[in-house]
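What follows is a single structure, written as structure tokens, with notes after it.
The values are calculated or read from the model by the stated rules, or taken from the named source; none is laboratory data. All figures in this text were calculated on a predicted structure; none of them were measured in a lab. Because the Cβ atoms are built from the backbone with ideal geometry, glycine has one as well, and the counts that use them run over all protein chains shown. Areas reflect the complete protein model, heavy atoms only, side chains present, ligands, DNA and RNA absent. Shrake-Rupley method; radii C 1.70, N 1.55, O 1.52, S 1.80 Å.
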Amino acid sequence: MIIIKTKEQIDTIREGCKNLATVLYKVGEKVAPGISTKDLDIYAEQLIREMGDIPAFLNYRPEGASSPFPASLCISVNDEVVHGIPNKNKILKEGDIVSLDLGTKHKGLFTDMAITVPVGKVSPENLKLMQTTEQALQVGIDAARAGNTVGDIGYAIESYVRGQKERKYGIVEVLAGHGVGIAIHEDPFIPNFGKQGKGEKLVPGMIVALEPMLNLGTKNVTIDDDDWTFRTRDRKNSAHFEHTILITEGEAEILTKI
Ligand code: MG
């Protein structure tokens with residue numbers, strides 16, 4: 001069931017999203033060769049709690065999961081797509097790309113956002129992968145207007161990615177955007193591919209998280225023995241960008257923007 005948010009809920013989620021974006025960009029600035037992913041997680045949790053918010057992913061256990069997520073920040077390095085678990089022995093090195101995915105609970109309501117950042121200087125193909133993924137998110141946001149559908153968002157993202165000349169990027173299909181706010185994952189499910197005019201209609205007051213994940217190679221992914229970490233099947237790199245947005249009569253409002 002799609003939940004349309006009240007004005008009060010929207011105001012609270014907007015406030016929470018500003019906090020989240022502030023935290024996530026600060027964590028992004030900490031990314032450098034030599035730092036462990038556990039250190040980034042500790043820093044993120046500290047910043048969230050300083051703002052009076054709660055890390056939403058910590059101990060989050062979706063239906064069917066064998067264990068709760070053991071950290072605040074999902075940190076996915078290189079061929080890891082999403083849900084990488086922070087580890088003190090996992091040290092970032094020059095040339096890596098790192099996806100940081102963070103959710104919070106602010107005054108009882110949820111927010112969600114992700115960015116992929118370079119560690120020092122990265123290769124041109126990795127840079128292009130990150131830029132294309134971020135732009136794919138923007139294209140999705142541009143299509144997220146009242147009157148359009150979930151399929152229009154997926155179609156816009158897929159068409160943009162397919163139009164890239166330099167490479168046939170893999171669009172991850174098993175993971176998707178989603179409604180957010182009252183819960184961390186709500187309806188509708190928003191794939192990063194689709195058909196124009198298909199799926200649920202977008203209406204003002206819906207709050208959704210859009211989150212394309214693009215791979216340098218295959219779209220197919222595997223899950224590690226930890227039951228959390230999604231990784232590309234061919235072990236080529238992956239990037240991920242996500243914003244929480246509000247559907248309005250006109251252009252969507254990016255809530256996780258500062
Ligand atoms: Mg999400």
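Remarks
- Among Ile4, Ile115, the sequence by solvent-accessible area, most first, with a 1.4 Å probe is Ile4, Ile115.
- Spatially, segment 32-60 and segment 75-104 are offset by 12 Å when compared through their Cα centroids.
- Whole-percent pair-distance distribution, where bins are 5 Å wide, for the alpha carbons of segment 7-254: 1, 7, 14, 19, 20, 18, 13, 6, 2, 0
- Under 23 Å from Lys201, Cα to Cα: lysines that are on another chain or at least 8 residues apart: Lys5, Lys7
- In a DSSP loop and with at most 15 other Cβ atoms within 10 Å, the trypsin sites (Lys or Arg not before Pro) in segment 189-228 are Lys195, Lys198.
- Integer Hz, Karplus 6.51/-1.76/1.60 couplings in order for segment 198-210, x for Gly and Pro: 8, x, 5, 7, 8, 10, x, x, 6, 10, 9, 9, 9
- Residues of type aspartates and glutamates that Lys105 reaches as a straight line, Cα spacing below 16 Å, ignoring anything fewer than 8 places off in the same chain: Glu8, Asp11, Glu15, Glu45, Glu50, Asp53, Glu186
- Within the accessible surface of the chain, defined with a 1.4 Å probe on protein heavy atoms only, the carbon and sulfur portion equals 52 percent.
- Largest to smallest accessible area among Ile2, Ile258, Ile54, Ile97 [probe 1.4 Å]: Ile258, Ile54, Ile2, Ile97
- Å² per residue, accessible surface of the chain at 1.4 Å: 43 Å²
- Around the amide H of Val81, modelled in the peptide plane, lie the amide H atoms of Phe230, Arg231, Thr232, all under 5 Å away and 5 or more residues distant in sequence or on another chain.
- Three-way shape label, segment 74-205, alpha-carbon gyration tensor, a/c 1.5: oblate
- Net charge over other residues, Cβ less than 11 angstrom from the Cβ of Pro118 (K, R count +1; D, E count -1): -1
- Ligands, DNA and RNA aside, Arg233 has an accessible area near 140 Å² when probed at 1.4 Å.
- Local electrostatic count at Gly34 - Lys and Arg +1, Asp and Glu -1, tallied over other residues with Cβ under 15 Å: +2
- Cα gyration tensor shape of segment 26-150, rounded if a/c is under 1.5, else prolate or oblate by comparing a/b with b/c: oblate
- Helix-only [θ]222 nm of the chain, DSSP H runs n ≥ 4, -39500 (n - 2.57) each, per residue, nearest 500: -9500 deg cm²/dmol
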